[in-house]
Amino acid sequence: RVKNGSKGAAAFFDGSMEREALARMKIEQSLRLAILEKRFCCAFQPKVNIRTQEVTGVEALVRLRDDEGLIQAPSTFINLATELGLIDELTHLVLAEIVKSIDLINETFGPDTTISMNVAAKQAGNPEFMRPFAQAIEATGFPKRFMIEVTEDAFVTKTHFQDEILPIFRNLGVRISIDDFGIGYSSLSALADITADEIKIDRSFITDIHKRPRSQGILRAIESLSEALGMTVIAEGLESFEELAYLQAATKIRYAQGYYFSRPIFLEDLKLATPRASEARASLVSRPAPETRAAYSRSGGYR
Ligand code: C2E
Ligand code: MG
Ligand code: MG
Ligand code: MG
């Protein structure tokens, strides 16, 4: 048992650092192995038109199958993959997964839905990655279906992204989305210099939006600015009927994504669970129960 005092504390500290370093090495090793063995898959989460309930797009969200067969979320490996220079390879694996799944995507979500991919800000500013990546998207034969989600940092830090790389994607008909908008470093006025097709309002503004006047104000500002600039607005992380009802009643926002409609799903699971794709598709977008809707209108709505 270590006694109080600096010597004991130091010994304890060293021990924990050693454990941390070991744990990190283990993750690093399994990440490299996972890439070699292509042990990545994608979960797909729909983007929904909240005025018509139609699915207009899907976002591919990468998952890792670790050595024990467990599914790991990107928070456990994306930053490390970026640090280790493995993220480019990983992104190409995601693209390959989309190509492999295109029939299932079409059956499940519809043949005209956009397909969004996430690209790290660091990648977005690097022509050495983005040029071949654009070529790979073109080679799929359906480049116009693609949308690239990048965080606002990619737009504000001085890289080749805006001037050199964006036009290449635009020429292919690939659309650009600003992910997690509102929590990065750009100011609202920086938006004026950004050319993107979609703005995704970060989940932190959407959570309990119906109860938070400050978030409502921010939402209104983003809304009018993006309207002026011709960008589509989508709310991310929509979880509750109350949040949805607020967006529908008090804003002009047309699109949302979130657990309320659907969690990210594995398309093969869907196929196993329901024999008919049309049934699966119908069950994707959960509509509010009639009693909740009635309760909402009785409350007199928001605003
Ligand atoms: P993101 O692009 O902002 O994706 C949204 C994240 O929020 C996803 O987490 C999604 O599962 C989660 N989410 C969706 N709806 C809700 C909701 O209603 N409530 C809550 N609490 N969460 C919701 P996920 O799949 O763990 O991905 C986390 C992040 O990892 C993504 O954030 C994205 O930045 C990154 N990522 C995912 N796939 C890739 C990829 O292929 N490449 C790169 N570079 N990054 C990726
Ligand atoms: Mg995203
Ligand atoms: Mg977010
Ligand atoms: Mg996001």
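Checked against the criterion of being within 16 Å of ligand 3 (Cβ to nearest atom), of a type in the set (A, V, I, L, M, F, W, C) and touching a helix residue (DSSP H, G or I) at 6+ places or on another chain (Cβ under 6 Å), the candidates 120, 124, 134 yield just one match: 120.
Note on region 84-140: residues that are within 15 Å of ligand 2 (Cβ to nearest atom), open to solvent by 20 Å² or more (accessible area, probe 1.4 Å) and at pLDDT 95 or above total 1.
Quick grid of which residues meet (1) buried (at least 20 other Cβ atoms within 10 Å of the Cβ); (2) among the polar types (S, T, N, Q):
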| site | (1), (2) |
| --- | --- |
| 170 | no, no |
| 173 | no, no |
| 178 | yes, no |
| 185 | no, no |
| 191 | yes, no |
| 197 | no, no |
| 201 | yes, no |
| 204 | no, yes |
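With respect to the conditions (1) free of Cβ contacts under 8 Å to residues at least 60 places away in the same chain; (2) touching a helix residue (DSSP H, G or I) at 6+ places or on another chain (Cβ under 9 Å), residue 44 lacks only one, and its number is (1). Here residue 200 meets the list (1) within 14 Å of ligand 3 (Cβ to nearest atom); (2) over 29 Å from residue 134 (Cβ atoms) almost entirely, failing just condition (2). Within region 57-71, being open to solvent by 30 Å² or more (accessible area, probe 1.4 Å), more than 16 Å from ligand 3 (Cβ to nearest atom) and in contact with a helix residue (DSSP H, G or I) (Cβ under 9 Å, 6 or more places away or on another chain) holds for 63, 65, 67. Does residue 144 satisfy being open to solvent by 30 Å² or more (accessible area, probe 1.4 Å), away from ligand 3 (no atom under 16 Å from the Cβ) and either assigned to a loop (DSSP other than H, G, I, E, B) or among the hydroxyl-bearing types (Ser, Thr, Tyr) (or both)? Here the answer is no, as residue 144 does not meet what is asked.
Based on what the data block shows, is residue 237 within 25 Å of residue 249 (Cα to Cα), more than 16 Å from ligand 3 (Cβ to nearest atom) and either in contact (Cβ under 8 Å) with a residue 24 or more places away in the chain or not charged (D, E, K, R) (or both)? Answer is no for this residue.
Table: residues versus (1) in a helix (DSSP H, G or I); (2) out of contact with any Phe, Trp or Tyr (no Cβ under 7 Å at 6 or more places or on another chain); (3) at pLDDT below 90.
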{"position": "150", "(1), (2), (3)": "no, yes, no"}
{"position": "158", "(1), (2), (3)": "no, yes, yes"}
{"position": "166", "(1), (2), (3)": "yes, yes, no"}
{"position": "183", "(1), (2), (3)": "no, yes, yes"}
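Can you find a residue that is open to solvent by 40 Å² or more (accessible area, probe 1.4 Å), of a type in the set (A, V, I, L, M, F, W, C) and modelled with pLDDT of 55 or more anywhere in region 234-253? Yes, region 234-253 contains at least one residue that is open to solvent by 40 Å² or more (accessible area, probe 1.4 Å), of a type in the set (A, V, I, L, M, F, W, C) and modelled with pLDDT of 55 or more.
The combined condition, being at pLDDT below 95, in a helix (DSSP H, G or I) and of a type outside the set (D, E, K, R), is fulfilled by residue 189. How about region 149-190: which of its residues are over 28 Å from residue 214 (Cα atoms), touching a residue at least 24 places away in the same chain (Cβ under 8 Å) and not charged (D, E, K, R)? Those that are over 28 Å from residue 214 (Cα atoms), touching a residue at least 24 places away in the same chain (Cβ under 8 Å) and not charged (D, E, K, R): 159, 160, 161, 162, 165, 166, 168, 169, 172, 173, 174. The residues of region 76-111 that are over 22 Å from residue 136 (Cβ atoms) and free of Cβ contacts under 8 Å to residues at least 60 places away in the same chain, listed by number, are 76, 79, 80, 83.
The values are calculated or read from the model by the stated rules, or taken from the named source; none is laboratory data. Values in this document were obtained by computation on a predicted structure and should not be read as measured data. Virtual Cβ from ideal backbone geometry, glycine too; neighbours counted across all protein chains shown. Side chains included, ligands, DNA and RNA excluded: accessible areas come from the protein's heavy atoms. Shrake-Rupley method; radii C 1.70, N 1.55, O 1.52, S 1.80 Å.
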